[in-house]
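This report refers to the structure that appears directly beneath it.
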């Protein structure tokens, strides 16, 4: 399969504009063949039109067929796994083991959503039966369930070239809900995107679905993404990326004549609170775990722990020293893009220049650096300085973290009260620590989507209970998650049918419950069939 | 209980500014004592601060105590029902029977949400158990449930002085989820608002809850509402009102440094499609039902049917004639406010002036009118004119409707494709009509929150399956409803606990399931207790 460098518009190939852009190899800093062409605004419109045309059919495809489609995507992607991982490695410098894991996660996600729609209970079917004898007014038959929103735009993320990209979680959840998807490929891994996109396009064909179910548009800049979010046929979007880009697109979505749901997962510093008991018992293990967590994937995870709060004392000093040693190892990382590397060094340099910040391990640029090379940075400051400088809570995307020392129980509560929204907060403690810090837990619960006890925030389990979300600016809307099966709820809305005869209802709401799904009938959960009215 | 004319700020009475405003009697057009004072911006801040202070306690109140609180509000309001209905009648000109029904609905809603939080299953608890043997990585214990958002602002609606006002559905659902509430009273029924607000304040005291759980602010203008939506301590808002006001506040919420969920229920014309079979079988009953529905409450319902599509033919002509006769009766309605009356006549006058619109019953102003008097207006046009004039689909708030005649099956589909978002769409048909119009149903499903078969859109059942929502501009976000138990989901967000010991988890997520709620455990719905890990 040769790369074409062209967008995928349904079953057609895009022509694009004339200028080529290239993926860059982060190790060498050199461009990779072939050149890719940005989609034109006419192609944006063509993809949106196809997507809208596909909606009426695709939104009515039964759950079991959507499940087969999602599984087909997974097997098609697995069928070219070697090629995909090889290309992704060249485009991202992520090691093969990581990419193999991400490939497994991506296909696992697709199959997980396959299971969700195969079962069908996700549609949150509710039935309130008629009661013609009710006084003063007869009660009507009222039934509701979730239905898809319409064409959804997904923005591929730089840091997960598979799991948050073309066939990643946003795409899987939007397709599972019954929405056609247009992916705006991330320009840092266009080759990976094209390979996966063609596997997805093939699945659309093989499953006999309308071509507009999937398109993939390339763009070296931001025009295509902005135009997609503005397009009147687009009904929702999912985004993972920087706060600046996410907020700009949120604002575009909110300013439309018809505002649309725009879910952005943007920025998070993922504070870690080390409590005294844990520090005594597991000092070294925490240091090793923290170092692995903040440098994993060159620190380019949305869940990277970028703030670590430590009480005063000998154990903290030794933990700090151990972290300093680990962080000073001459390991060099390769950042995903030249821009990410520049931003990382700008953030690190800004932090180094502050008078009350100690740089325990330096991330200076070196003349021997090749490509988008960078090294870890470990900073330390005291909790008072932290509380007085709001910028210290900002995310530095890359392998850097800030130790905030000499915390007291009171100062920790003050920190927690002042925190903005984050994806996660982590507590290392003993059971006794937890009991003594219930107020801290209660405060953190307001600020994050996920609280982790005695673990590390990186490594997000894809499961039913996962919440990869959190109050702004972690995301655009803390009521949703972009990881786990609940991610599907971003792309669906309830529709209510009043007084409908059985044959005109969707299967999910029919009396006999032919799909055997869980439903709320007159306020009670059941998988049983129902009689037509309360009186019957 | 004498009215004070002052805002309620927790357990305190507002002082307000010096200028007084008055409720107006729609029948006489005269002002009603006493005068009310608008809250000051300092009072807005004081209410927000109190609300934020109350959150940490109130958000942790067990479900059964929140249920007792909601029931106490209901019984306190019922305890002053006569006074409330009398005052509301004077302020709104709504007849006693309607207000009695609305009182019953209001208290019923509070008790319904009481039942929801007493049960606790609404929290959508999910548990994915640990599996330490999983390869390549051990699976962590991950649990999630819905938690409240923070202080919520509720805007009282003019057209439901009880059920969508101080202790209405927005307040009930926000309180049920565990959020303190600040109500911005609608200036058209301040006396009703104060009475209900004091009953609610009394319930807060009687239940031993923190005072900031509830405040009620008066304002003759828009400053208080805008400042509330801008206040950094406010985390969500619920609004029912005009599209202009709703969109302005949506934009304020979206432009905040920290954007917040803002649910606005705004405007809807609630199209009604009369299909040939129904027209033959039930022509007169449909005419009578439509007339009652579009004039009920002086047409001041968000679900008023404002568009009626009729095929050509004798039955349509007779239905139209019957509607004309009913609408020409000299019945005079009293609109809620002078402003609503002016807008109604402006809309009616604009429609009358169009060359291809026939005014079958006129709503001209009369020299004998007293107060905010108005009469019904019935217009008719043909479907081509309708399709060529986008403004004809706009809502006229009041007792007016537009018959769109000489539809064909093709034209009806074209209409459905062009429709904006509405709260409801109604189909009158036989089973055979339904079978022949499945494409129409499919198109309408995309445009509305609720589809009604052989009924009328007014009269919204408060139940588990109800959806009072719909795509913009019906609401700000079609993924939610403001009526029915699912309204609680507007004001809650999922929080995930990873690796937490049992004692540190909320009761809803503890192994033993002490509340006996429905939970999703490893992907399966159950009310059973669980063992700690998959292996156990």
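The values are calculated or read from the model by the stated rules, or taken from the named source; none is laboratory data. Keep in mind that this is a model prediction, so the values were computed, not measured. Virtual Cβ from ideal backbone geometry, glycine too; neighbours counted across all protein chains shown.
Hey, residue A:181 hits all of (1) more than 14 Å from every other protein chain (Cβ to nearest Cβ); (2) surrounded by fewer than 24 Cβ atoms within 10 Å (Cβ to Cβ); (3) in contact with a strand residue (DSSP E or B) (Cβ under 7 Å, 6 or more places away or on another chain) but one; which does it fall short on?
(2)
Please work out if residue A:155 is more than 9 Å from chain B (Cβ to nearest Cβ), within 30 Å of residue A:220 (Cα to Cα), at pLDDT 95 or above and touching a helix residue (DSSP H, G or I) at 6+ places or on another chain (Cβ under 8 Å).
Considered against the rule, which asks whether it is more than 9 Å from chain B (Cβ to nearest Cβ), within 30 Å of residue A:220 (Cα to Cα), at pLDDT 95 or above and touching a helix residue (DSSP H, G or I) at 6+ places or on another chain (Cβ under 8 Å), residue A:155 comes out as yes.
Considering each of B:379, B:386 in turn, give the residue that is touching a strand residue (DSSP E or B) at 6+ places or on another chain (Cβ under 6 Å), part of a helix (DSSP H, G or I) and in contact (Cβ under 8 Å) with a residue 12 or more places away in the chain.
Only one candidate passes the filter, namely B:386.
If we scan segment A:351-374, do we find a residue that is in a helix (DSSP H, G or I) and either surrounded by 16 or more Cβ atoms within 10 Å (Cβ to Cβ) or touching a strand residue (DSSP E or B) at 6+ places or on another chain (Cβ under 7 Å) (or both)?
Yes; the residues of segment A:351-374 include at least one that is in a helix (DSSP H, G or I) and either surrounded by 16 or more Cβ atoms within 10 Å (Cβ to Cβ) or touching a strand residue (DSSP E or B) at 6+ places or on another chain (Cβ under 7 Å) (or both).
Condition test on residue B:97, is it at the interface with another protein chain (Cβ under 10 Å from one of its Cβ atoms) and surrounded by 21 or more Cβ atoms within 10 Å (Cβ to Cβ)?
No, not satisfied.
Going by the conditions given, is residue A:65 over 30 Å from residue A:529 (Cβ atoms) and not assigned by TED's automatic domain parsing to the domain that holds residue A:341?
Against the criterion (over 30 Å from residue A:529 (Cβ atoms) and not assigned by TED's automatic domain parsing to the domain that holds residue A:341), residue A:65 does not qualify.
Do we have residue B:446 as touching a residue at least 12 places away in the same chain (Cβ under 8 Å) and touching a strand residue (DSSP E or B) at 6+ places or on another chain (Cβ under 9 Å) here?
yes
So which of A:200, A:162 ends up being buried (at least 21 other Cβ atoms within 10 Å of the Cβ), at pLDDT 95 or above and not in a loop (DSSP other than H, G, I, E, B)?
One residue alone meets the criteria, A:200.
Scan segment A:436-471 residue by residue and report those that are more than 13 Å from residue A:271 (Cα to Cα) and more than 9 Å from every other protein chain (Cβ to nearest Cβ).
Of everything in segment A:436-471, those that are more than 13 Å from residue A:271 (Cα to Cα) and more than 9 Å from every other protein chain (Cβ to nearest Cβ) turn out to be A:436, A:437, A:460, A:462.
Take residue B:189 and tell me if it is surrounded by fewer than 24 Cβ atoms within 10 Å (Cβ to Cβ) and touching a helix residue (DSSP H, G or I) at 6+ places or on another chain (Cβ under 7 Å).
It is false that residue B:189 is surrounded by fewer than 24 Cβ atoms within 10 Å (Cβ to Cβ) and touching a helix residue (DSSP H, G or I) at 6+ places or on another chain (Cβ under 7 Å).
Checking the conditions here, which among A:150, A:115 is part of a helix (DSSP H, G or I), surrounded by fewer than 24 Cβ atoms within 10 Å (Cβ to Cβ), in contact with a helix residue (DSSP H, G or I) (Cβ under 9 Å, 6 or more places away or on another chain) and within 11 Å of chain B (Cβ to nearest Cβ)?
Of A:150, A:115, the one residue that is part of a helix (DSSP H, G or I), surrounded by fewer than 24 Cβ atoms within 10 Å (Cβ to Cβ), in contact with a helix residue (DSSP H, G or I) (Cβ under 9 Å, 6 or more places away or on another chain) and within 11 Å of chain B (Cβ to nearest Cβ) is A:115.
Would you check if there is a residue in segment B:53-70 being under 20 Å from the mean Cα position of the chain (by Cα) and either closer than 23 Å to residue B:163 by Cα or outside any helix (DSSP H, G or I) (or both)?
yes
Can you confirm whether residue B:36 is more than 25 Å from the chain's Cα centre (by Cα), surrounded by 21 or more Cβ atoms within 10 Å (Cβ to Cβ) and assigned to a strand (DSSP E or B)?
Against the criterion (more than 25 Å from the chain's Cα centre (by Cα), surrounded by 21 or more Cβ atoms within 10 Å (Cβ to Cβ) and assigned to a strand (DSSP E or B)), residue B:36 qualifies.
Being under 26 Å from residue B:518 (Cβ atoms) and either more than 7 Å from chain B (Cβ to nearest Cβ) or surrounded by fewer than 12 Cβ atoms within 10 Å (Cβ to Cβ) (or both) is the filter here, so list the residues in segment A:124-140 that pass it.
A:124, A:125, A:129, A:130, A:131
Please verify whether segment A:8-31 includes one or more residues that are part of a helix (DSSP H, G or I), in contact (Cβ under 8 Å) with a residue 24 or more places away in the chain and closer than 29 Å to residue B:447 by Cα.
Checked against the condition, which is being part of a helix (DSSP H, G or I), in contact (Cβ under 8 Å) with a residue 24 or more places away in the chain and closer than 29 Å to residue B:447 by Cα, segment A:8-31 yields no hits at all.
Working carefully through the options B:504, B:474, find the one that is touching a strand residue (DSSP E or B) at 6+ places or on another chain (Cβ under 8 Å) and either surrounded by fewer than 24 Cβ atoms within 10 Å (Cβ to Cβ) or at the interface with chain A (Cβ under 8 Å from one of its Cβ atoms) (or both).
None of the others qualify; the one that does is B:504.
Residues of segment B:498-524 being touching a helix residue (DSSP H, G or I) at 6+ places or on another chain (Cβ under 7 Å), in a loop (DSSP other than H, G, I, E, B) and either within 14 Å of residue B:62 (Cβ to Cβ) or in the same structural domain as residue B:129 (by TED's automatic domain parsing) (or both), which ones?
B:510, B:514, B:515, B:517
Can you tell me which residues in segment A:62-71 are within 16 Å of residue A:180 (Cβ to Cβ) and surrounded by fewer than 21 Cβ atoms within 10 Å (Cβ to Cβ)?
If the condition is that a residue be within 16 Å of residue A:180 (Cβ to Cβ) and surrounded by fewer than 21 Cβ atoms within 10 Å (Cβ to Cβ), then A:65 is the only one that fits.
Is there a residue in segment A:479-488 that is at the interface with chain B (Cβ under 10 Å from one of its Cβ atoms) and surrounded by fewer than 22 Cβ atoms within 10 Å (Cβ to Cβ)?
The answer is no; no qualifying residue exists.
Kindly indicate the residue of segment A:404-435 that is at the interface with chain B (Cβ under 10 Å from one of its Cβ atoms) and assigned to a strand (DSSP E or B) and also surrounded by the fewest Cβ atoms within 10 Å (Cβ to Cβ) among those meeting that condition.
In this case the residue turns out to be A:427.
If we only count helices (runs of 4 or more DSSP H) wholly inside segment B:212-300, which ones have 1 or more residues that are more than 14 Å from chain A (Cβ to nearest Cβ), surrounded by fewer than 18 Cβ atoms within 10 Å (Cβ to Cβ) and touching a helix residue (DSSP H, G or I) at 6+ places or on another chain (Cβ under 7 Å)?
Ranges flagged: B:223-230, B:276-295.
Cβ-Cβ below 6 Å, separation at least six or inter-chain, first residue in segment B:296-315 and touching a residue at least 40 places away in the same chain (Cβ under 8 Å) and not assigned by TED's automatic domain parsing to the domain that holds residue B:404, second crowded, with 22+ Cβ neighbours inside 10 Å and outside any helix (DSSP H, G or I): which pairs?
No pair meets every condition.
Looking at this structure, is residue A:249 over 22 Å from residue B:260 (Cβ atoms), assigned by TED's automatic domain parsing to the domain that holds residue A:113 and modelled with pLDDT of 95 or more?
No.
Only one of these is outside the structural domain of residue B:158 (by TED's automatic domain parsing), farther than 22 Å from residue B:241 by Cα and part of a loop (DSSP other than H, G, I, E, B): B:465, B:442. Name it.
B:465
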